[in-house]
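Working notes, beginning with the structure itself.
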């Protein structure tokens with residue numbers, strides 16, 4: 001039996017890190033109480049590359065713009081039944097481009113259409129604050145009155161980007177869409193109990209949109225730290241490298257605040 | 001109808017071009033035959049107007065009609081479909097006499113606080129209903145003007161002993177006479193029906209007036225002041241409906257019930273509380289009615305499922321209702337209106 | 001080539017034998033999503049025929065603050081819900097973002113410079129789907145956004161008004177913007193207020209007018225106005241303006257509203273300005289429940305039936 005899952009998220013939202021951590025958990029998780037265990041592998045080259053870097057707490061490279069990887073994960077559930085999870089790993093740029101060009105590539109379209117559920121990755125720590133010109137004090141503004149040239153098209157607020165991606169999902173799939181909101185970099189927000197509360201505070205537009213469209217989306221919230229900390233902070237990086245079992249750095253927070261290290265729960 | 005057509009679309013905030021308006025009006029005027037529509041269909045149209053459930057089939061039928069001249073018209077244009085349903089209701093009220101069922105259900109949905117597509121149309125239906133009740137009595141008081149043209153004086157000039165030749169001329173004169181007799185018979189029949197109706201209404205008036213003086217409920221075998229806050233409105237509404245001989249009954253029914261229940265404090269309760277406190281003996285007499293107007297439906301469900309267990313079925317059937325507070329008169333009026341319809345349909 | 005085609009053929013005899021190999025190769029077209037820009041008339045009709053809409057026409061001269069107002073109406077949801085009102089989607093999200101981009105600090109500009117609304121565009125409707133938590137219902141707020149140049153052409157010409165604002169009679173509300181900055185300027189203020197009365201007269205004379213017309217005269221940039229109100233006789237001028245607006249109540253349901261679009265909730269003149277959130281709430285709350293509609297009462301004195309007269313005199 002196979003199960004198609006589609007990952008969506010803007011650049012830096014944590015998709016590849018999630019795959020790396022998930023891959024590590026599956027490969028090294030024998031004997032540990034995970035929702036799913038790894039079955040008979042055919043080929044996991046791409047995942048293996050990600051796992052290598054992740055296990056050494058090294059920064060993963062951003063998935064290149066036109067890079068498309070399709071991951072086939074052979075799994076066994078708690079009853080020993082085999083199930084294959086198919087996850088395309090698309091670059092975040094492709095999704096950003098979708099919003100501005102208003103065009104969904106055939107491959108992405110078909111991938112979403114065939115998928116049973118969508119994992120929507122959001123990294124609130126990467127969301128730029130929304131500041132208006134008038135929010136800056138007049139004195140500061142009057143210090144430099146020349147305009148600064150900004151490259152590229154007009155900039156869309158990330159919250160609006162995610163709302164558009166969600167709106168696209170209902171255009172693609174005519175029935176109710178099953179979406180799992182994965183809030184990554186949870187280590188930064190450990191004081192929050194529930195992922196939905198964090199989304200409400202950090203991305204209110206997206207949260208409002210989800211809450212008021214429950215007839216169109218079947219939503220579950222997850223908080224995930226696939227890395228356990230910031231690799232840009234040397235101290236934290238050192239600490240992570242020293243862990244005996246890298247799986248311990250994974251944080252998974254369910255919708256009702258229940259915590260574990262088991263990323264495979266999200267695949268259910 | 002043209003100006004009104006645009007007006008109702010405007011009320012519904014649907015920006016419609018002249019072209020689309022013409023297409024819609026064509027179907028309403030030429031394809032949909034209001035005169036042949038049965039009561040079940042018009043009630044389904046009313047349900048669409050109020051956006052109630054179980055209307056998918058009726059919506060499909062309406063969409064099919066409008067697709068005859070506009071292939072882009074689709075089932076997802078639900079707001080527009082509700083407006084068109086409203087326009088059909090107006091046509092029904094204007095062209096038909098049998099508006100009791102439609103008007104009663106319209107009043108029931110307003111009682112529950114369900115939002116119609118265009119409140120002004122719902123009010124128009126209600127106003128026409130009130131007018132029809134008013135004119136029942138107003139027309140009795142006026143003189144009947146029936147114009148029976150007399151036979152020509154010199155049509156026949158026959159004496160007893162004279163001979164009549166049955167030629168063409170005679171046959172024509174006889175035909176004239178026959179036609180006149182036919183006309184007279186029709187008028188007598190009409191006059192009889194009207195007179196009978198008037199007598200019923202006059203009898204109704206006197207029965208109601210005497211009943212108002214006694215302030216006694218036959219059904220409960222008690223004075224209304226001896227009934228409790230919850231029982232009294234049900235009995236009062238039903239008792240008045242029992243006295244109605246000619247539907248839809250008197251225009252002043254609200255005033256009558258208001259007078260009878262004037263002894264009760266103006267306290268308000270939710271519908272559920274009234275229904276849960278209604279006795280099973282009272283409900284028993286309603287079980288034979290087939291119509292499922294809100295109060296009768298709620299009472300029957302309460303008997304079948306028990307107190308509180310009927311809430312969900314009721315909310316599912318009358319989706320979108322407001323959780324309003326009602327006083328005794330509101331309940332009595334609703335009971336009366338529904339009971340009159342139920343009796344009429346039996 | 002078949003004879004009948006050959007007879008009417010557009011091809012010349014010399015064209016025979018020419019082959020054309022197109023250079024363009026079309027592949028991987030993908031799937032087109034809705035454009036996310038302003039809706040045109042047809043798209044507006046499609047939306048309104050499916051869902052409840054609340055149409056607001058936004059009119060006013062150039063630089064009177066219309067676009068800023070529209071952008072900020074959306075912007076408030078980027079921070080939180082507006083009381084019980086929550087953002088539930090938009091078919092024109094890119095349009096809002098484009099407007100808001102001119103106000104953002106990261107656009108590289110040191111002062112606000114809203115782009116001029118395109119005069120020629122057919123698409124003019126901005127869409128916000130809102131959810132009222134208290135009433136458990138959704139409503140689509142449509143802001144009809146026409147350029148200042150269009151306003152100048154329409155304000156005194158019935159035919160142009162009817163052509164350009166052809167769904168005005170369907171609108172729940174019409175906002176006529178007056179630039180608050182101009183009200184402080186002696187040389188500009190007469191014209192700024194004159195525009196209002198001119199366009200009201202034009203609307204009244206047009207086929208768009210109906211007796212339930214609701215108009216808000218919106219004084220924008222009230223923060224600037226409040227700061228400069230003591231200059232000269234501005235206060236008296238404004239009072240006189242208000243008085244003249246009130247006289248229009250015979251024809252319109254008319255209100256004077258002062259906004260400070262960029263102040264958000266930190267109003268510089270809280271006694272007189274209305275915040276955008278309160279203003280939006282007033283729009284959404286407007287819908288009447290069926291209980292607010294009453295049957296026309298019949299004239300009891302005209303009844304002939306004594307029964308109806310007697311009973312109807314009871315106070316119901």
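Relative contact order for chain A: 22 percent, from Cα pairs under 8 Å spaced at least 6 residues apart, divided by residue count. Among A:215-226, A:235-246, the peptide with the highest mean count of other Cβ atoms within 10 Å heads the list, and the full ranking is A:215-226, A:235-246. Note on residue A:136/residue A:103: beta-carbon distance plugged into 1/(1 + (r/R0)^6) with R0 of 41 Å gives a FRET efficiency of 0.70. Placing dummy labels 7 Å off each Cα toward the beta-carbon, the span from residue B:270 to residue C:62 is 5.9 nm. Helix B:39-49 versus the longest principal axis of chain B: what angle, 0 to 90°, nearest 10, using Cα atoms? Roughly 50 degrees between the two axes.
The mean sequence distance of close C-alpha pairs (under 8 Å, at least 6 residues apart), as a share of the length of segment C:141-210, puts its relative contact order at 42 percent.
Between residue C:32 and residue B:167, the distance separating the two model label sites (each 7 Å from Cα on the Cα→Cβ line) works out to 8.7 nm. Between 0 and 90 degrees, rounded to the nearest ten: what's the tilt of helix B:119-141 against the longest Cα principal axis of chain B? Taking Cα atoms only, the helix is inclined about 50 degrees. Along its three principal directions, the equivalent ellipsoid of chain A from the Cα gyration tensor extends over semi-axes of 32, 23, 18 Å, largest first. Expressed as a whole percent, the proportion of Cα-Cα pairs in segment A:172-268 lying more than 24 Å apart is 30%. In terms of the Cα gyration tensor, with a ≥ b ≥ c the square roots of its eigenvalues, is segment B:236-290 rounded because a/c is under 1.5, prolate because a/b exceeds b/c, or oblate? Oblate. Based on the Stokes-Einstein relation at 10 °C and a viscosity of 1.306 mPa s, and on the Kirkwood radius from alpha carbon pairs, segment A:8-49 is assigned a translational diffusion coefficient of 138 µm²/s.
Each residue in C:285, C:221 was given a count of other beta-carbon atoms within 10 angstrom of its own, and listing them fewest first yields C:285, C:221.
Taking segment C:218-242 and a reference point 7 angstrom along Cα→Cβ of residue C:186, the backbone N atoms nearer than 20 Å belong to C:225-241. Please say if segment B:195-288 is rounded, prolate or oblate, where rounded means a/c under 1.5 for a ≥ b ≥ c the square roots of the C-alpha gyration tensor eigenvalues, and otherwise the choice is prolate for a/b larger than b/c and oblate otherwise? The shape class here is prolate.
Specify the inter-centroid distance of segment A:1-41 and segment B:1-73, based on alpha-carbon positions, in whole Å. Here the two parts' Cα centres lie 54 Å apart. Helix B:56-67 and the long axis of chain B differ in direction by around 50°, with both axes built from C-alpha atoms. Taking the Cα atoms of segment A:1-71, the ratio Rg/Rh between the radius of gyration and the Kirkwood radius comes to 0.96.
With the biggest extent put first, the Cα atoms of the protein assembly as shown measure 133, 86, 78 Å across the principal axes.
Relative to one another, the C-alpha centroids of segment B:162-216 and segment C:73-88 are positioned 70 Å apart. When chain B is treated as a GNM with alpha-carbon contacts under 10 Å, the residue of B:186, B:302, B:267 showing the greatest mean-square fluctuation is B:186. Computed over segment B:175-271, relative contact order equals 27 percent, with contacts defined as Cα pairs under 8 Å that lie 6+ residues apart. The Rg/Rh ratio of chain B, with both radii computed over alpha carbons and Rh defined as the Kirkwood radius, is 1.10.
Can you classify segment C:213-271 as rounded, prolate or oblate using the Cα gyration tensor, where a ≥ b ≥ c are the square roots of its eigenvalues, rounded means a/c under 1.5, and otherwise it's prolate if a/b beats b/c and oblate if not? Here segment C:213-271 falls in the oblate category.
The distance from the alpha carbon centre of segment B:219-260 to that of segment A:175-241 is 62 Å, rounded to a whole number. Applying 1/(1 + (r/R0)^6) with r as the Cβ-Cβ distance of residue B:94 and residue B:22 and R0 = 25 angstrom yields a FRET efficiency of 0.75.
Counting every pair of alpha carbons in segment B:35-109, the share spaced more than 21 Å apart comes to 23 percent.
Taken together, the values in this text are just the output of simple stated rules run on the coordinates, not laboratory data. Fair warning: this is a prediction, and the values are worked out from it, not measured in the lab. No Cβ is skipped: glycine too gets one built from the backbone with ideal geometry, and neighbour counts run over all protein chains shown.
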